[in-house]
Amino acid sequence: MADISANGKQYASEEQLAYAAVLDWGMKLGFVVLVVTFVLYLVGFAAPQVSHEQLAQLWSKPVGEYLKATHTHTGWTWVAMIGKGDYMNFVGIVLLSGVTVLCYLRILPIFIVARDRVFTAIAVLEVLVLVLAASGILATGH
Amino acid sequence: MSRRLVMLAAVACGLVGLALSGAAWAESTAVVKLAETGSAMPWWAWPAILFVVTFFLGIVAVLGGVGGGVLFVPIVGGFFPFHLDFVRGAGLMVALAGALAAGPGLLNTGMASLRLAMPLALIASASAIVGAMVGLALPAQVVQIALGTTILGIVLLMFLAKKSEYPIVDQACPLSSALRMNGVYFDVAANREVDWKVHRTVKGLVLFVGIGIMAGMFGLGAGWANVPVLNLLMGAPLKVSVATSKFMLSIVDTSAAWVYLNQGAVLAMITVPSLIGIMLGSLVGVRLLKVASASMVRKVVIGMLLLAGSRALLKGLGIWN
């Protein structure tokens, strides 16, 4: 149930409450998954792609050198290694990083129904920006 | 703070503590040599120290009224063996997690305003992608120098910037009126409803381009910059500015975090202990708020930022490695 203000009145708009509900759900799910997968990673439930010892040798290097030394590719290639202890953690990280897109998709119909064209456009543009960031096509490096 | 959240955090702490202990026990006979790791300590020692340090950073961040990221990146980047690329990736996740955790409560109570946040967050999140790409493309030394300079600038800002509880906005600007960037909230301390509106929206949008770039480049979060722009420039009440700024980080840092994640600059071994440490520290910090001396904590935070900023700058200049 949504929190309300200290005087018992509801000040948040419909779209704001809808956004908060998805955010609350996604944040909690992401956090739980992150902790569970990290514990599994630490106790060695699934062998990591990069061993703990090798990781300790490489975490002081720039990311480019780390990727080269571990033969790791950028972008969504980690999905293929999801069974590995270290990449298992990415599920929680992706949930936390992806929940905002879900929040925007949740409120988009509310703006459309209200014929709020400006905020419909802003919500669509924000989703596009976040999807572009998440797509992995924006390559960079040292 | 809900009991369930405290319990969840306590369980998380216990699980991670147990796992770290287990890993420590399992590896106790196999200390990795200095030549291999650059450190005489076993692999699990740095993540364990990171967990403890971020726990205290979480306490100090709450008491000092700053986000975790602004303390995390310069301190961990300056005093831990991790490369700045991974520290910034973790810093963004730390700032993001804090914002995600606070977001639902701030939105539900009407303290944070979605309509105020959305246009600004769109500009800032697009800029944060650029900042993240530039930050990952630049040599670490250059980023260290820029980071150190920025942190020292933040210290100056903390000294000089005034805050206005209820800024006077005689008339909303045409853009904020068109976007209906206004609202009403109940101020518990004043025991009254506060109507608010904003002005100078175009200037605010321009400044959020720069804020987004810095957030992405340094992985800092950007509450330290959001609040003055929302409060002092645009005229939002202080509580609305702080709440909306915190919520906005969940959007702005998301876009930059994706860039770091896709470039391989997010390591679970650095990110997860930091994230849990900061969150647990924040829970303790909230409880200590009632008894802590605000001015003393503020001085501690400024002192820590001064040290960390100087360290980053001198490290970048090759003077203090």
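We did not get these values from a lab; they are worked out from the coordinates using the rules stated. Just so it is clear, the model here is predicted, and its values are computed rather than measured. Neighbour counts are summed over all protein chains in view; Cβ atoms, including those assigned to glycine, are modelled from backbone coordinates with ideal geometry.
In region B:128-231 the Cα-Cα distances spread across 10 Å bins starting at 0 as 13, 34, 30, 18, 5, 0 percent of all pairs. What the pair-distance distribution of region A:14-99 shows, using all Cα-Cα distances binned every 10 Å from zero, is 16, 38, 30, 11, 4, 0 percent.
Take each residue in A:41-50, count the other chain C-beta atoms within 10 Å of its C-beta, and the mean is 4.
Per residue of B:58-65, how many C-beta atoms from partner chains lie within 10 Å of its own C-beta, taken as a mean? Walk me through the numbers before you get to the answer.
Values: counts 0, 0, 0, 0, 0, 0, 0, 0.
Mean shielding count: 0.
Which values of log₁₀ I(q)/I(0), to two decimal places, follow from the Debye formula for region B:248-321 at q = 0.19, 0.27 Å⁻¹ with a uniform point scatterer at every Cα? Log10 of I(q)/I(0), two decimals: -1.15, -1.06. Once the Cα atoms are used to define both axes, helix A:117-135 deviates from the longest principal axis of chain A by about 10 degrees.
Excluding same-chain neighbours fewer than eight residues apart, the aspartates and glutamates reachable from A:K61 by a Cα-Cα span under 15 Å are A:E53, B:E36, B:D85.
Quick one: of B:K203/B:K315; A:K28/B:K246; B:K239/B:K315, which pairs are farther than 26 Å apart, Cα to Cα? Over 26 Å Cα-Cα: B:K203/B:K315; B:K239/B:K315. Ordering B:G210, B:A95, B:G65 by Cα displacement along the dipole of chain B toward the positive end leaves B:G65 in first place; charges were set at the Cβ atoms of Lys, Arg (+1) and Asp, Glu (-1). Take each residue in B:194-205, count the other chain C-beta atoms within 10 Å of its C-beta, and the mean is 0. Shape call for region B:80-173 from the C-alpha gyration tensor, a ≥ b ≥ c root eigenvalues: rounded (a/c under 1.5), prolate (a/b greater than b/c) or oblate? Here region B:80-173 falls in the prolate category. Placing a label point 7 Å from the Cα of A:M81 along the Cα-to-Cβ direction, the residues of region B:263-278 whose backbone N falls under 14 Å from that point are B:263-269.
Here the contact order of region A:14-99, divided by its residue count and restricted to Cα pairs under 8 Å and six or more residues apart, works out to 51 percent.
Each residue of region B:127-133 was assigned a 3J(HN,Hα) from its phi angle through the Karplus curve 6.51 cos²θ - 1.76 cosθ + 1.60 (θ = phi - 60°); the sequence is 5, 5, 5, 4, x, 5, 5 Hz, with glycine and proline shown as x. Once the mean of 1/r is taken over each pair of separate Cα atoms and inverted, the protein assembly as shown shows a Kirkwood hydrodynamic radius of 22.2 Å. Straightening the chain between B:A189 and B:V134 buys 15.5 nm, computed as 0.36 nm per residue apart minus the Cα-Cα spacing.
When both region B:135-155 and region B:246-321 are represented by their alpha-carbon centers, they are found 15 Å apart.
Neighbour counts of other Cβ atoms within 10 Å put A:V124, B:V130, B:V87 in the fewest-to-most order A:V124, B:V130, B:V87.
Taking the average, over residues, of other Cβ atoms within 10 Å as the packing measure, peptides A:60-70, A:14-24 rank A:14-24, A:60-70 from highest down. Rounded to whole Å, the principal axis extents of the Cα atoms in chain B read 69, 44, 36, largest first. Largest GNM mean-square fluctuation among B:S255, B:S245, B:S177, using chain B with Cα springs under 10 Å: B:S177.
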